[in-house]
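Encoded as structure tokens, the structure appears first; notes follow it.
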Amino acid sequence: MKYYLSVLISGILFGIGLAISGMINPQKVTDFLDVTGNWDPTLLFVMGGAVCISLPGFYLVQRREAPLFSTKFYLPSKKDLDIPLILGATLFGAGWGLAGYCPGPAIASLVSLTAEPIVFVLAMLVGQHLAKMFEAKN
């Protein structure tokens, strides 16, 4: 139960942070990517702040034997670049640039009850399902 409560609290905290920083507004993202037009650097500051908080967190995690509410850590171990990683990153970046949403802000934007984030999240879920079907065939 502690595990699920910590996941819920973390998700709520993340969503509040996205809302306060304005990152649930897709125009912020597209303006950040528009370096020759109406460039908005605020996303850079949000990412910089996240890195400043995350780096000490990763250091502390690596010093612990186990997480607080689980039996083991699930840290990435893959270090090689392969075609699926590059293709997935390219598709993610293209979708992010075109729509102005990535998964976290899109889910947080659902509270607006407007069509744009709802359609995006539905399309994201369909894409995840298709990816699982593709992986199962290979």
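The numbers here are math on the coordinates, done by the rules we state, and not lab data. This structure is a prediction, so every number in the text was calculated from the model and none was measured. Positions of Cβ are generated from backbone atoms using ideal geometry, with glycine treated the same way; all protein chains shown enter the neighbour counts.
Summary of values
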{"read-out": "Two-decimal log10 I(q)/I(0) for the chain, as the Debye equation yields it once each C-alpha is a single scatterer, q = 0.08, 0.17 Å⁻¹", "value": "-0.29, -1.29"}
{"read-out": "Range in the chain, longest, excluding exposed trypsin sites (Lys or Arg not before Pro) [loop by DSSP; at most 12 other beta-carbon atoms within 10 Å]", "value": "1-63"}
{"read-out": "Point-to-point label distance, Phe69-Leu98, nm (Cα→Cβ direction, 7 Å offset)", "value": "3.7"}
{"read-out": "Cα-centre dipole for the chain with unit charges at Cβ (Lys and Arg positive, Asp and Glu negative), debye to 20", "value": "600"}
{"read-out": "Burial ranking of peptide ranges 106-119, 86-99 (average Cβ count within 10 Å, highest at the top)", "value": "106-119, 86-99"}
{"read-out": "Ranked Asp34, Asp40, criterion: other C-beta atoms within 10 Å, fewest first", "value": "Asp34, Asp40"}
{"read-out": "Extension gain (nm, one decimal) between Leu33 and Ile12, 0.36 nm per residue minus Cα-Cα", "value": "4.9 nm"}
{"read-out": "Cβ-Cβ FRET estimate between Ile20 and Asp40, R0 fixed at 22 Å, reported to 0.05", "value": "0.85"}
{"read-out": "The chain: calculated mean residue ellipticity at 222 nm from DSSP helix runs of at least 4, using -39500 (n - 2.57)", "value": "-23500 deg cm²/dmol"}
{"read-out": "Low-density loop positions, chymotrypsin sites (Phe, Trp or Tyr not before Pro), the stretch 18-56 - DSSP coil, at most 15 other Cβ in 10 Å", "value": "Trp39"}
{"read-out": "Cα radius of gyration and Dmax for the stretch 66-121 (Å)", "value": "16.0, 42"}
